[in-house]
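To keep things clear, I will list the structure first and then write my remarks on it.
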Amino acid sequence: MEGARKKIGVFLCKCGTNIAGAVDMDALTAWVEKQPDVAWVRTNELLCAPTGKEFVKNTVESETCDSVIIAACSPKMHEKNFREVAGEKGFNIAQVNMVNIREQAAWVTPDKDQALEKAQSLIAAGLERAQYNVDLDKPEMECKTDAAIIGGGVAGIEAALMLANAGRKVTIFEKDISIGGSVIKTEEVAPAMECAPCLLAPRLAEIRDHKNITVVSNAEVTDVLGFFGNFTVKATRRARFVTAACIGCEACFEVCPVWVKSAFHLGMGDRKAVYTAFPGSVPAAAVIDKENCRHFTGEECSACKDACPFGAIDYEDNDEVIEVETGAVIVAAGGGDPDVSQLFDGVAGRENNVLAMPEFERLAASNGPTGGEIVCADGSVPKSLAVVHCAGSLSETGLSYCSGICCMTALKAGELFRKKIDGGKVFNIHDRLTLAGTEQQHFFDKQCEEGTVMLKTSDLSSVNIVMKEGRLQVTASGVSESVAVDMVVLSTGMAPSPSAERLVELTAADLDEYGFFRPGHPILQTTSTTIDGVYAAGSCKSPCDVPTAITRGQAAAGDVLSRLIPGKKLELESMTAWIDGELCAGCKMCIAVCPYKAISFDAEKGISIVNEAICRGCGTCAATCPGKAAQARHFTNQQIEAELKGVLNG
Amino acid sequence: MAKPKVGFYWCASCGGCEETVVDLDEKVLDVVAAVDIVFWPCAMDFKYSDVEAMEDGEMTVCFINGAIRTTEQEEVAKLLRKKSTCVIAFGSCACMGGIPALANLTSRSEIMRRAYKDSPSVLHDENGPVPQTSSSAGGVELHLPELYETVYKLDDVIDVDFYLPGCPPTAALVETAVQTLLSGNLPPKKSVLLPDKALCVSCDRNSTKPDNLKIDKLKRIHEIKADPELCFLAQGVLCMGPATRDGCGYPCVKGNMPCTGCFGPVGGADQGARMAGALGGILEVGEKQLDDALSGMPDPAGSFYRYSMSSSLLGSSRKGDAK
Amino acid sequence: MGEFKPEIVAYVCNWCSYAGADGAGGQKLAYPSSVKLIRVMCSGRVDPQFVMEAFRGGADGVMVLGCHPGDCHYRSGNMKAQRRFRIFEMLLRQMGIEKDRFLLDWVAAGEAKRFVELATEIHERVTALGPLSLTGSVERTVMADG
């Protein structure tokens, strides 16, 4: 900075006796007046009071200076206010800075001489720094105010409805042939024992009919490009071979000659090669399973086409690439079911009537393979049920954590069993119980009252299930009662979404050590992922129950609604980092360092570039750059080194 | 028209900077033809008295290489400054202290001990002789220059016009420098005659560096079988490239060895501060593994400041300075 | 010869440690006036060069304070600071600068007492060590093991 030095105006606040009582204000004022580059010094009783702020406003109007220093309390108290006040008289925020002589001098230095000395040092630092304060812009950016939601489960659905009802355009991308996620596969939700499909059906209908919501099902997201406010999401919609004219009347199902094991029924039931997940699904249109359909495997067959009253069958359908420009992305990919098929020496399996909880839920569901009847593999009705808690959890080989929701499901299984089977006996084998919440303990008590026998073992790993004389024998250390039952349910926890890894690759978000989406901040920002504008909702964040999943979906929607506002530009951080393209050698040391992944490499120019729309101004890149090309606005090397000089020499 | 007069001098030097002039091969004949070499103790029999006899500023340009370690070197540097119009700090030692400046990590007494008493090739004698600045033998007074406690760079003792770092500067750079100086089209005073960007801008391995470079351990070059095409940092080996000026044509990297930083830091920064910052950025390890991750760099001061100790913020002066 | 009064510079992050220091003010907890704070947005901003320049410019001790691991307002800036300053500490050792002159630590917004403890501790240690003399540092042999 050769040439003209800036003239600095200095305010000294007495803060009543808070500063004036500990620091000799006359001596301080006299000292400041003698400092080079000081345009004027003004003292005041209390600058933050209305009269004080008037004083600031009037002074900066009547006096001349290039930059202002306010030596008073902590900048965390009133710097913003003083910047606004001085801003009214044309001062850029970068030219209005506070020096903390209250919290960091007057209040912590009992010796008056030392307090004065320290105040002088800090003011000297502020004066030196002010020479290098460069005006800051208030950057803004146009943004889209719509959202793309990846995953049509309950969290995604609720987020979609909240956004769509507020007038935003929403696209739901769903990998399955229709939406509803895992909740549509259950019967009742504990502890209130509400009917899940009943809760969900009206929501699905709203989605179907909503003018602001587009559902792209049977699709896989292939790209998430751009950044907050300006995303482009691309997906491939796989060919359905059935048009939107289909209303799901099932006329084609009747005539289709091919039976296939149903994935919706977890292999416990069958469907035809042309099928829907369940009656009343959204979208209503059926799908032809190309792998198994005779028409596509080379044989002559047009049974479905002939039977369709609406001409909805279209063998010529192709995969389609869908591209959506949107403002935010909400990942609601759900959780996963852990694989417990190898537990208990392979006894687990439908054929042995040892079911994983999702399988039991299917069986008990009215839209399940048996219409809700709980029956053994051979069709007989089981009279007794054992539920093994924590199956595949709290172990080194399975999930290492407690999912927190499965104890309730484990107890619910017993209630469903007793409701559907007269005189059904239920045994729950557990070592601990997670019954958090106001209703959960009561639900547990009710189950015990109604006959569920709780058998506590001292060692989960000792639980064993063997087939003996046609019955399932369950043993565990510490359980003296002999448990011989017709059916066993393994109460499994919740694993991360099987799509999680692929989705973090697409979005650049992060997973925690368990495979769930890492939040932007563990306390202050759990709704967002580590990428600004990419939210996570539902159980893909961590195992959770239905009300929590819904809350998370609504939270994500709320965040989007509050930040992306139609007609309003996105206000961006002004103290961002930037990289001087002339100095950058393209060494890429800064890219890995950015906690927001805001820096990318421009291979054509051979330099790294900061995306100032998502930069938060932490300055870590500036401290890392070996070529001094990366700088942090308002905290440049020059400014900090000037402050240091003032502190050491002042 | 008289040919411009040119001088070469070596202070605390290995002779490599003299060698590099010879590396001009047949082009050295053009140089010799274009100038009048009036002082070059390494190559020809010149005396200090020859320089003392010159007019002030008589030499158009004087190339001074080597660090300043002794009183003699300081005296001669000052003499040459007086007699030259333009002085170039030639080579890393003159610019930044070079390898001799690593002595700033120890002390003069330790060095004397090591050289004259504890070295494996010396018969240890606690009372054995150690060089003195003055002594007498056979009735004659002998004087030796004093070794300073600190190794200095050239501009610590005289005003320098231009800098050409390198250990040594490449022949191509010497050629360019000579041509520039003789052309009269001089860059601003105090310039470094090199691009002001890091080596990575030219290095052909930079494109192999992943954009999101993260390593979990530093390894020494002999601990790996170095991939001849992949960026060294990506292989976990310390390469000073990011914190070192471009301009050498990276022969070390082409020889499958990482850059050791001889062209010095970019932008006059502290080379160690820059590299510590950069390495800290790409090391992705938890606190518990951090020391182990760094064990593959047992001598960071030596690695970062191998050539630039005299221009470092904390390593450029030692105990008991004579200055 | 007067009593030695050290100069100590503390680079302090805006969100946690600066708030912790302010907290010391709010609770009127005194600490040595030798400790002077320079605010940065994140401990990740603190360039090793800033610390070196502090020592070079007359500081006898330097502190860098940030948020506790996991609490960084900018997610992981403090961890980058930790890694680069571990390397920096190795450099200090080799340059013969006493370990006690430099401190990297974490102070939460509510830890006013902890801030005061750290400030007092570094003040006392540096006072005991005396002024930093870059030209009169501890004589030491480097690479004694060859």
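The values are calculated or read from the model by the stated rules, or taken from the named source; none is laboratory data. Since the structure is predicted, the reported quantities are computational estimates derived from the model, not experimental observations. Backbone-built Cβ (ideal geometry, glycine too); neighbour counts: all protein chains shown.
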(Q) Restricting to the range B:225-272, give me the number of residues that are of a type in the set (A, V, I, L, M) and touching a Leu at 6+ places or on another chain (Cβ under 7 Å). (A) 3
Q) Of these, A:Ile157, A:Ile177, A:Ile149, which one is surrounded by 21 or more Cβ atoms within 10 Å (Cβ to Cβ) and farther than 15 Å from A:Gly553 by Cβ? A) A:Ile177
(Q) I need the full set of residues from the range A:354-368 which are among the small types (Gly, Ala, Ser) and more than 21 Å from A:Val466 (Cα to Cα), in order please. (A) A:Ala364, A:Ala365, A:Ser366, A:Gly368
Q. Within the range A:79-86, is there a residue that is within 26 Å of C:Leu37 (Cβ to Cβ), touching a residue at least 40 places away in the same chain (Cβ under 8 Å) and among the aromatic types (Phe, Trp, Tyr)?
A. no
(Q) Among the listed residues A:Gln631, A:Gln638, identify the single one that is part of a strand (DSSP E or B), touching a Phe, Trp or Tyr at 6+ places or on another chain (Cβ under 9 Å) and either closer than 30 Å to A:Trp31 by Cβ or within 13 Å of chain C (Cβ to nearest Cβ) (or both). (A) A:Gln631
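Which one is surrounded by the fewest Cβ atoms within 10 Å (Cβ to Cβ) among residues in the range A:366-388 that are aliphatic (A, V, I, L, M) and under 15 Å from A:Lys420 (Cα atoms)? Break it down into steps so the answer makes sense when it comes.
Taking the range A:366-388 first, the residues aliphatic (A, V, I, L, M) are A:374-375, A:377, A:381, A:385-388.
Retained after the next criterion (residues that are under 15 Å from A:Lys420 (Cα atoms)): A:374-375, A:381, A:385.
Numbers: A:Ile374: 21, A:Val375: 16, A:Val381: 14, A:Leu385: 27.
If we take residues in the range A:366-388 being aliphatic (A, V, I, L, M) and under 15 Å from A:Lys420 (Cα atoms), then A:Val381 is surrounded by the fewest Cβ atoms within 10 Å (Cβ to Cβ).
Would you call A:Ile313 modelled with pLDDT of 95 or more, among the β-branched types (Val, Ile, Thr) and closer than 30 Å to A:Phe517 by Cα?
Details: modelled with pLDDT of 95 or more: yes; among the β-branched types (Val, Ile, Thr): yes; closer than 30 Å to A:Phe517 by Cα: no.
No.
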Q: Of the conditions (1) under 16 Å from A:Ser403 (Cα atoms); (2) without any contact (Cβ under 8 Å) to a residue 40 or more places away in the chain; (3) in contact with a strand residue (DSSP E or B) (Cβ under 6 Å, 6 or more places away or on another chain); (4) not basic (Lys, Arg), A:Pro547 clears all except one; give me its number.
A: (3)
Q | Count of residues meeting criterion [among the β-branched types (Val, Ile, Thr), more than 28 Å from B:Asp50 (Cβ to Cβ) and assigned to a strand (DSSP E or B)] in the range B:79-138 | A | 0
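Does B:Ser308 qualify as being in contact (Cβ under 8 Å) with a residue 24 or more places away in the chain and more than 12 Å from chain C (Cβ to nearest Cβ)? Full working, then the answer.
Working: in contact (Cβ under 8 Å) with a residue 24 or more places away in the chain: yes; more than 12 Å from chain C (Cβ to nearest Cβ): yes.
Answer is yes for this residue.
For the range B:147-173, which residues satisfy the criterion of being in a helix (DSSP H, G or I), out of contact with any Asp or Glu (no Cβ under 8 Å at 6 or more places or on another chain) and under 24 Å from B:Tyr250 (Cα atoms)?
Let us first name the residues in the range B:147-173 that are in a helix (DSSP H, G or I), namely B:154-156, B:171-173.
Keeping just the survivors that are out of contact with any Asp or Glu (no Cβ under 8 Å at 6 or more places or on another chain) gives B:154-156, B:172-173.
Hits for the range B:147-173 are B:Ala172, B:Leu173.
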Q. Of the residues B:Leu213, B:Leu186, B:Leu230, B:Leu194, which single one is within 12 Å of another protein chain (Cβ to nearest Cβ), part of a loop (DSSP other than H, G, I, E, B) and of a type in the set (A, V, I, L, M)?
A. B:Leu213
Q) Quick check, is A:Ala39 surrounded by fewer than 17 Cβ atoms within 10 Å (Cβ to Cβ), touching a helix residue (DSSP H, G or I) at 6+ places or on another chain (Cβ under 8 Å) and not in a loop (DSSP other than H, G, I, E, B)? A) no
Q) Could you count how many residues in the range A:94-109 are more than 16 Å from C:Lys5 (Cα to Cα), within 9 Å of chain C (Cβ to nearest Cβ) and either part of a helix (DSSP H, G or I) or touching a residue at least 40 places away in the same chain (Cβ under 8 Å) (or both)? A) 6
(Q) For the range A:546-571, give me the residue count where each residue is buried (at least 19 other Cβ atoms within 10 Å of the Cβ) and part of a loop (DSSP other than H, G, I, E, B). (A) 1
Q: Would you check if there is a residue in the range B:243-251 being assigned to a loop (DSSP other than H, G, I, E, B), within 10 Å of chain C (Cβ to nearest Cβ), under 26 Å from C:Ile97 (Cβ atoms) and without any contact (Cβ under 8 Å) to a residue 60 or more places away in the chain?
A: no
Q | Single match in A:Gly515, A:Gly478, A:Gly493 (criterion: under 24 Å from A:Leu394 (Cα atoms) and loosely packed, with under 15 Cβ neighbours inside 10 Å) | A | A:Gly478
Q) Within the range B:158-181, can one find any residue that is among the charged types (D, E, K, R), loosely packed, with under 14 Cβ neighbours inside 10 Å, more than 14 Å from every other protein chain (Cβ to nearest Cβ) and over 25 Å from B:Pro41 (Cβ atoms)? A) no
Q) In the set B:Glu110, B:Glu141, which member is in contact with a strand residue (DSSP E or B) (Cβ under 7 Å, 6 or more places away or on another chain) and acidic (Asp, Glu)? A) B:Glu141
**Q.** Search result, residues across the range B:108-132 that are among the polar types (S, T, N, Q) and surrounded by 12 or more Cβ atoms within 10 Å (Cβ to Cβ)
**A.** B:Ser109
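Regarding B:Val266, is this residue within 9 Å of chain C (Cβ to nearest Cβ), touching a residue at least 60 places away in the same chain (Cβ under 8 Å) and either among the aliphatic types (A, V, I, L, M) or within 22 Å of B:Gly91 (Cα to Cα) (or both)?
Values: within 9 Å of chain C (Cβ to nearest Cβ): no; touching a residue at least 60 places away in the same chain (Cβ under 8 Å): yes; either among the aliphatic types (A, V, I, L, M) or within 22 Å of B:Gly91 (Cα to Cα) (or both): yes.
Spelling it out, it is not the case that B:Val266 is within 9 Å of chain C (Cβ to nearest Cβ), touching a residue at least 60 places away in the same chain (Cβ under 8 Å) and either among the aliphatic types (A, V, I, L, M) or within 22 Å of B:Gly91 (Cα to Cα) (or both).
Condition check: more than 20 Å from B:Ile215 (Cβ to Cβ), assigned to a helix (DSSP H, G or I) and at pLDDT 90 or above. Does B:Ala293 satisfy that?
Numbers: more than 20 Å from B:Ile215 (Cβ to Cβ): no; assigned to a helix (DSSP H, G or I): yes; at pLDDT 90 or above: yes.
So B:Ala293 does not fit the description; no.
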Q: Kindly provide the set of residues from the range C:74-109 that are facing chain B (nearest Cβ under 8 Å) and aromatic (Phe, Trp, Tyr), ordered by number.
A: C:Phe85, C:Phe88
